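Questions regarding the structure given below will be posed in turn.
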Amino acid sequence: VTDDKRLYEVPKLSVCALRFTEAARARITKAGGECLTFDKLAMRSPLGKGTVLLRGPVKSREAERHFGKAPGVPNSKTAPYVRSKGRKFEKARGRRKSRGFKV
């Protein structure tokens, strides 16, 4: 768990995680909450009643941008694997409508 500056006041809550940053742990305990590890959570509620599981975004990897329909196919938002993003790479004629024609 890392600290999030966008959240102005942290409510009182018990958070269970593998790791906490120092700033996140300080804000949670200052609000009256507590930071738990998974073994403490298992001792407190073995069946998991009254707990909510949260998970971060799964598809946020950079590699996910390259999955899907082939780049260049109509209605494809897939990013091609290119060496660089410069003027000469995947920007010439045949690749873009604005450069003469698009295949």
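The values are calculated or read from the model by the stated rules, or taken from the named source; none is laboratory data. The structure presented is a predicted model; accordingly, all values stated were derived computationally and were not measured. Here the Cβ positions follow ideal geometry from the backbone for every residue, glycine too, while neighbour counts run over all protein chains shown. Ligands, DNA and RNA are stripped out before the accessible areas are found, and what is left, the full protein with its side chains, is counted by its heavy atoms. Shrake-Rupley method; radii C 1.70, N 1.55, O 1.52, S 1.80 Å.
What accessible area per residue, rounded to a whole number of Å², is obtained for the chain using a probe radius of 1.4 Å?
90 Å²
Which value at 222 nm does the chain reach when only helices count, each DSSP H run of 4 or more adding -39,500 (n - 2.57), with the total divided by all residues and rounded to the nearest 500 deg cm²/dmol?
The per-residue figure over the chain is -4000 deg cm²/dmol.
While we're here: Quick check: with the 1.4 Å probe, what order do GLU9, GLU34 take by accessible area, largest first?
GLU9, GLU34
Just how large is the dipole of segment 36-103 about the Cα centre, in debye to the nearest 20, putting +1 at every Lys and Arg Cβ and -1 at every Asp and Glu Cβ?
Values: 20 positive and 4 negative charges, 150 e Å.
That gives segment 36-103 a dipole magnitude of about 720 debye.
Let me ask something else about it. Structure shown: which of LYS59/LYS88; LYS5/LYS69; LYS12/LYS40; LYS69/LYS91; LYS59/LYS102 lie over 28 Å apart, alpha-carbon to alpha-carbon? Intermediate values should be presented prior to the final figure.
On the way: LYS59/LYS88 30 Å; LYS5/LYS69 37 Å; LYS12/LYS40 18 Å; LYS69/LYS91 19 Å; LYS59/LYS102 30 Å.
Beyond 28 Å: LYS59/LYS88; LYS5/LYS69; LYS59/LYS102.
Using the Kirkwood radius built from alpha carbon pairs, what does the Stokes-Einstein equation give as D for segment 51-99 at 4 °C and 1.567 mPa s, in µm² per second?
Diffusion coefficient, whole number: 97 µm²/s.
Pop out the carbon and sulfur fraction of the accessible area of the chain as a percent, whole number, probe 1.4 Å.
The nonpolar share, carbon plus sulfur, comes to 56 percent.
While we're looking at this one, here's another question. Counting Lys +1, Arg +1, Asp -1, Glu -1, what net charge surrounds ALA31 among other residues with beta carbon under 12 Å of its beta carbon? All intermediate terms of the calculation are to be shown ahead of the outcome.
Values: positive: LYS12, ARG25, ARG27, LYS30; negative: GLU9, GLU34.
Taking every other residue near ALA31 into account, the sum is +2.
Would you be so kind as to identify which of SER84, GLY100, PRO11 lies farthest towards the positive end of the dipole of the chain, taking Lys and Arg as +1 and Asp and Glu as -1 on Cβ and the Cα centre as origin?
GLY100
Can I ask one more? What is the distance in Å between the Cα centroid of segment 13-80 and that of segment 83-103?
About 38 Å separates the Cα centre of segment 13-80 from the one of segment 83-103.
What is the diffusion coefficient of the chain in µm²/s, taking the Kirkwood radius over Cα pairs and the Stokes-Einstein relation at 20 °C with a viscosity of 1.002 mPa s?
117 µm²/s
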